[in-house]
Amino acid sequence: MNEFKPVRFVDLALEGQFWRERLETVLTRTIPSQHVQLGKHGILQSLTLPNRPPSFRDNGHDFVQLFWDSDVGKWIEAASYALSHRSDADMVARIEKIVDDLEKAQAPDGYLNCWYLQRDPDKRWTNLRDNHELYNLGHLLEGGIAYFVATGQRRLLCILERYVDHVRKTFGPNPGQKRGYCGHQEIELALVKLYRLTGERKHLDLAAYFINERGRQPHYFDQEAVARGESPQDFWVERFEYSQSHKPVREQTIVVGHAVRAMYMFSAMADLAAELNDDSLKKACELLWADVMSSKIYITSGLGPAGGNEGFTEAHDLPNDTAYAETCASVALIFWAHRMLHFDLDGRYADVMERALFNGALTGLSRDGRHYFYTNPLDSDGRHSRWAWHTCPCCTMNLSRLIASVGGYFVSASEDAIAFHLYGGISTNIQLAGANVFLRETSAYPLSGSIRIEVSPDAAAEFTVKLRIPGWAHEAKASVGGHVVDVTACTRNGYLVISRLWTRGDIIALDLPMAPERIYAHPLVKQDIGRVALKRGPLVYCVEEVDNPGSRVQQLKLPREAKIETVERGDLFDGVVTLTASAQRVEDQSWGDSLYRNAPPIASDYQLTALPYYLWNNRAKGSMQVWLLES
């Protein structure tokens with residue numbers, strides 16, 4: 001395992017326009033509006049015992065979310081990250097009100113799940129398979145940790161540490177303990193964070209227990225079903241692949257089931273592999289990663305083609321118009337990729353992290369910061385649009401907590417080296433080789449690949465700067481102080497390695513060419529045969545009807561020989577680069593009322609315009625497509 005550790009987002013300033021705009025939107029609009037929605041939909045009220053939480057209608061039934069506690073936890077985490085950027089007394093008051101309610105709700109033995117405490121207090125821990133108790137705790141705990149780190153206020157964390165102590169007494173391999181684990185993984189990630197905060201090994205051991213116990217036979221979910229008086233065969237999704245509990249984690253080589261659960265579990269496995277120096281967990285992560293990358297990930301880094309299990313089906317099954325590709329899954333993929341990256345500092349993982357960030361996750365949040373995508377198809381007839389809230393609002397706070405802390409994914413450091421994974425305009429001060437070093441990366445990334453990095457140690461010092469050269473960046477160029485660096489010869493595992501004596505004001509210039517690319521899918525992806533996608537730099541593009549009026553964009557065809565041009569649009573979304581090309585539009589006006597005929601349709605010349613996929617559905621409703629017919 002390598003010695004690089006992420007530079008915390010609180011120790012790094014986002015200065016580039018792209019990320020400053022997204023961060024400001026989340027801090028000033030998204031997080032405050034989410035609190036309003038949590039109140040409007042009864043989620044905050046559900047924390048106030050002994051009142052029964054309000055129900056709402058969903059598919060004709062009265063319904064109360066079992067996992068509302070988790071949504072509150074994620075909001076606290078996002079709001080705490082906001083407080084790390086700037087003080088806000090009103091935000092603190094809102095969090096403290098939630099802490100008051102949780103403190104009052106907590107049972108004498110430390111248990112704290114508001115749904116069970118209000119409805120079925122005698123049935124707690126009787127259905128780990130379905131009812132999210134440990135998942136809820138995980139997100140509340142991550143919120144409590146973030147709030148403590150941001151403010152020094154420990155009351156919420158103490159409440160949750162008492163709950164963790166209750167969990168530790170309840171679960172484990174010892175006599176009188178339940179040998180269970182959660183149907184929805186998350187607690188493991190939170191426990192590793194708690195261990196890193198406190199240094200108390202017991203938290204790491206509990207996380208390892210939950211991972212190691214998963215899939216052990218006889219299966220715990222069968223045993224608890226029998227204890228509830230139910231038949232194990234009546235499991236509503238039938239197979240334990242759904243929750244990745246069908247076999248022990250080290251024996252899993254094929255990614256199956258619910259995509260978010262899988263990504264959370266793999267992230268926790270990577271955490272434990274690093275903390276425990278466990279090569280068996282590392283190997284399992286690498287095999288599972290290879291399976292996802294070879295046959296189960298969309299070009300946008302969306303995960304999970306099926307709505308039935310919110311997850312994976314079989315290799316190369318990647319339909320576009322029915323793609324589920326839950327926003328949460330892309331966010332969780334970023335978590336996993338970031339952890340995999342820190343095993344061996346391999347740029348392949350950073351490539352996926354970047355692609356998921358720009359195309360899988362950011363797509364889920366509108367430009368106004370108040371509307372969302374839960375699912376992210378790659379082909380739409382115009383009916384798919386953003387919503388202000390959802391009966392399952394998990395993706396909303398997942399996005400806000402990611403963007404509010406996005407600076408933490410940019411840079412990592414060891415004792416004598418600094419590694420840049422992402423670009424976009426940042427500055428930081430770190431200790432390298434005994435010197436205090438100021439670094440500023442300046443760029444208009446992802447619109448431009450022209451990058452300038454100032455390296456200014458307080459005193460001359462020898463250390464290494466590593467710059468990620470993305471897999472898409474062909475013929476990258478670099479120089480230090482005007483002296484050319486041989487990028488090919490000096491690149492290792494996707495990182496340009498520059499080791500030298502650095503002095504105040506040294507400048508690295510890096511040029512990552514962003515020529516438009518045509519991308520083709522594996523022939524076994526039947527939905528994409530005869531189709532092409534467009535990409536520039538880290539951004540996947542799509543055609544949207546608002547830019548291509550006259551008919552649905554599914555009637556457009558892009559000739560293989562057509563030249564793809566870039567157009568800088570300062571008038572669109574505060575500045576964006578679009579792609580244009582001479583294309584064809586299949587006409588339907590002359591077709592008449594016949595459904596079929598023995599003559600092909602007429603195709604007319606058309607000037608196609610494509611924009612980054614993450615921006616679609618921010619102006620007007622209309623059709624959209626990523627994979628274009630190629631002629």
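Being charged (D, E, K, R) and either surrounded by 15 or more Cβ atoms within 10 Å (Cβ to Cβ) or not assigned by TED's automatic domain parsing to the domain that holds GLU326 (or both) is the filter here, so list the residues in the range 240-273 that pass it.
At the first step, the residues of the range 240-273 found to be charged (D, E, K, R) are 241, 247, 250-251, 261, 271.
Hits for the range 240-273 are GLU241, LYS247, ARG250, ARG261, ASP271.
Taking the options GLY183, GLY229, name whichever one is outside any helix (DSSP H, G or I) and at positive phi.
Working: GLY183 fails: at positive phi.
When all the criteria are applied, what remains is GLY229.
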Filter result (surrounded by 14 or more Cβ atoms within 10 Å (Cβ to Cβ) and under 18 Å from GLY505 (Cβ atoms)) within the range 453-466: ILE453, GLU454, VAL455, SER456, PRO457, ALA461, GLU462, PHE463, VAL465
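Confirm whether PHE312 is buried (at least 24 other Cβ atoms within 10 Å of the Cβ), closer than 19 Å to LEU357 by Cα and touching a helix residue (DSSP H, G or I) at 6+ places or on another chain (Cβ under 8 Å).
On the way: buried (at least 24 other Cβ atoms within 10 Å of the Cβ): yes; closer than 19 Å to LEU357 by Cα: no; touching a helix residue (DSSP H, G or I) at 6+ places or on another chain (Cβ under 8 Å): yes.
When the stated conditions are applied, PHE312 does not pass them.
Okay, residues lined up against (1) in a loop (DSSP other than H, G, I, E, B); (2) modelled with pLDDT of 95 or more:
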| site | (1), (2) |
| --- | --- |
| ILE507 | no, yes |
| LEU510 | no, yes |
| MET514 | yes, yes |
| LYS535 | no, yes |
| VAL546 | yes, yes |
| SER551 | yes, no |
| GLU568 | no, yes |
I'm trying to understand the selection: among the residues of the range 406-440, which are touching a residue at least 60 places away in the same chain (Cβ under 8 Å) and over 21 Å from ASP346 (Cα atoms)? GLY425, ILE426, SER427, THR428, ASN429, ILE430, VAL437, ARG440
With respect to THR503, is the statement that it is free of Cβ contacts under 8 Å to residues at least 12 places away in the same chain and polar (S, T, N, Q) true? no
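To keep it simple, each residue is scored yes or no on (1) among the aliphatic types (A, V, I, L, M); (2) part of a loop (DSSP other than H, G, I, E, B); (3) in contact with a strand residue (DSSP E or B) (Cβ under 7 Å, 6 or more places away or on another chain).
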position	(1), (2), (3)
GLU441	no, no, yes
GLU462	no, no, yes
HIS474	no, yes, no
ALA478	yes, no, yes
LEU501	yes, no, yes
ARG518	no, no, yes
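Name the one entry in SER405, SER385, SER366 that is surrounded by fewer than 24 Cβ atoms within 10 Å (Cβ to Cβ), hydroxyl-bearing (Ser, Thr, Tyr) and over 23 Å from TYR81 (Cα atoms). Walk me through it before giving the result.
Values: SER405 fails: over 23 Å from TYR81 (Cα atoms); SER366 fails: over 23 Å from TYR81 (Cα atoms).
Only one candidate qualifies: SER385.
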Among (1) crowded, with 16+ Cβ neighbours inside 10 Å; (2) assigned by TED's automatic domain parsing to the domain that holds LEU66 - the single one GLY199 does not satisfy: (1)
Are any residues in the range 560-599 out of contact with any strand residue (DSSP E or B) (no Cβ under 6 Å at 6 or more places or on another chain), touching a residue at least 40 places away in the same chain (Cβ under 8 Å) and surrounded by 14 or more Cβ atoms within 10 Å (Cβ to Cβ), and if so, which ones? PHE573, GLY575
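Matching residues to (1) without any contact (Cβ under 8 Å) to a residue 60 or more places away in the chain; (2) under 30 Å from LEU579 (Cα atoms); (3) small (Gly, Ala, Ser):
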site: TYR445; (1), (2), (3): no, yes, no
site: SER448; (1), (2), (3): no, yes, yes
site: ASP458; (1), (2), (3): yes, no, no
site: GLU475; (1), (2), (3): yes, yes, no
site: VAL487; (1), (2), (3): yes, yes, no
Within the range 321-340, track down each residue that is surrounded by fewer than 24 Cβ atoms within 10 Å (Cβ to Cβ) and of a type in the set (S, T, N, Q). THR322
Go through the range 341-351 residue by residue and tally those that are surrounded by fewer than 24 Cβ atoms within 10 Å (Cβ to Cβ) and hydrophobic (A, V, I, L, M, F, W, C). 2
Kindly list, by first and then second residue, each pair from a residue in the range 1-14 that is at negative phi to a residue that is basic (Lys, Arg), limited to pairs with Cβ atoms under 7 Å and residues at least 6 apart or on different chains. LEU14/ARG20
Within the group TYR541, TYR520, which residue is buried (at least 20 other Cβ atoms within 10 Å of the Cβ) and within 30 Å of GLU561 (Cβ to Cβ)? TYR541
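Say whether the condition of being under 24 Å from the mean Cα position of the chain (by Cα) and at pLDDT 95 or above is met by at least one residue in the range 56-67. Talk me through it step by step, then tell me what you get.
From the range 56-67, those under 24 Å from the mean Cα position of the chain (by Cα) are 65-67; that's our starting set.
Now narrow it down to the ones that are at pLDDT 95 or above: none.
No, because not a single residue in the range 56-67 is under 24 Å from the mean Cα position of the chain (by Cα) and at pLDDT 95 or above.
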Number of the condition not met by LYS169 [criteria: (1) in contact (Cβ under 8 Å) with a residue 12 or more places away in the chain; (2) part of a helix (DSSP H, G or I); (3) of a type outside the set (Gly, Ala, Ser)]: (1)
Residue among ILE145, ILE159, ILE95 that is more than 25 Å from ASP11 (Cα to Cα) and either outside the structural domain of GLU230 (by TED's automatic domain parsing) or surrounded by 16 or more Cβ atoms within 10 Å (Cβ to Cβ) (or both): ILE159
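Matching residues to (1) within 32 Å of the chain's Cα centre (by Cα); (2) of a type in the set (A, V, I, L, M); (3) over 24 Å from ASP368 (Cα atoms):
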| position | (1), (2), (3) |
| --- | --- |
| VAL553 | yes, yes, yes |
| PRO559 | no, no, yes |
| ARG569 | yes, no, no |
| GLY575 | yes, no, no |
| GLN589 | no, no, yes |
| LEU595 | no, yes, yes |
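The values are calculated or read from the model by the stated rules, or taken from the named source; none is laboratory data. All values derive from a computational prediction rather than experimental measurement. Note that each Cβ is placed from the backbone with ideal geometry, even for glycine, and that neighbours are counted across all protein chains shown.
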